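The values are calculated or read from the model by the stated rules, or taken from the named source; none is laboratory data. Just so you know, these numbers come straight off a predicted model, no measurement behind them. Virtual Cβ from ideal backbone geometry, glycine too; neighbours counted across all protein chains shown.
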Amino acid sequence: MKAGMALALCLSPCSAMAQSQQAAPERCDNHISAAFAKTFAEEWIAAWNSYEMSRVFAHYTDDFEMTSPYILTSKVGNRSGTLKGKDKIAAYWEAGIKSQTFVLIDVFAGAHSIAIHYARVTTAVGSPTRLVVEVEELNADCKVVRSNAIYGGS
């Protein structure tokens, strides 16, 4: 009977404590929760599919780094395959943002990082759908500081 009373006493304060923990914003300086990773990935995909650069860039710090094999061949790219800063990356992304749609396949949570697995469906004739894993390294405020796009075969 005493155990039942202790459980009943815990239900109300424990529920309040759990609700207050859920209301607190996620911090990304440790292991990322699966729930946060899923929400982040869904919002990230929706931002890309909106074709609004401001919405996409809301996920990133001003000085983030983007690495992609396509940077090597882009008009605004370079031989390192990495661009740094929203201004340089905007020029790279704006060229193709409206010719593609992203479809979320899965998301993986790690230590201050997530990996978003998606299909990039391109509207250009003759362009294949590509499978992509994008690894996003996050700062403590859950903004991307480093991104690496890794493409599968066509």
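Of note:
- Filter pass, Asp106 being surrounded by fewer than 16 Cβ atoms within 10 Å (Cβ to Cβ), among the acidic types (Asp, Glu), over 18 Å from Phe40 (Cβ atoms) and touching a helix residue (DSSP H, G or I) at 6+ places or on another chain (Cβ under 9 Å): no
- Ser74 vs. criteria touching a strand residue (DSSP E or B) at 6+ places or on another chain (Cβ under 8 Å), polar (S, T, N, Q) and either part of a strand (DSSP E or B) or more than 21 Å from Ser50 (Cα to Cα) (or both): no
So that you can scan it fast, the table gives a plain yes or no per residue for (1) outside any strand (DSSP E or B); (2) more than 19 Å from the chain's Cα centre (by Cα); (3) surrounded by 18 or more Cβ atoms within 10 Å (Cβ to Cβ):
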residue	(1), (2), (3)
Asn78	yes, yes, no
Tyr118	no, no, yes
Gly126	yes, yes, no
Leu131	no, no, no
Glu134	no, no, yes
Ala140	yes, no, no
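- The number of residues in the range 76-99 being touching a Ser or Thr at 6+ places or on another chain (Cβ under 6 Å) and either at pLDDT 90 or above or aromatic (Phe, Trp, Tyr) (or both) comes to 3.
- Selection count where residues are of a type outside the set (A, V, I, L, M) and at pLDDT 95 or above, scope the range 113-140: 7
- Sole residue being of a type in the set (Lys, Arg) and touching a residue at least 40 places away in the same chain (Cβ under 8 Å), chosen from Lys143, Lys88: Lys143
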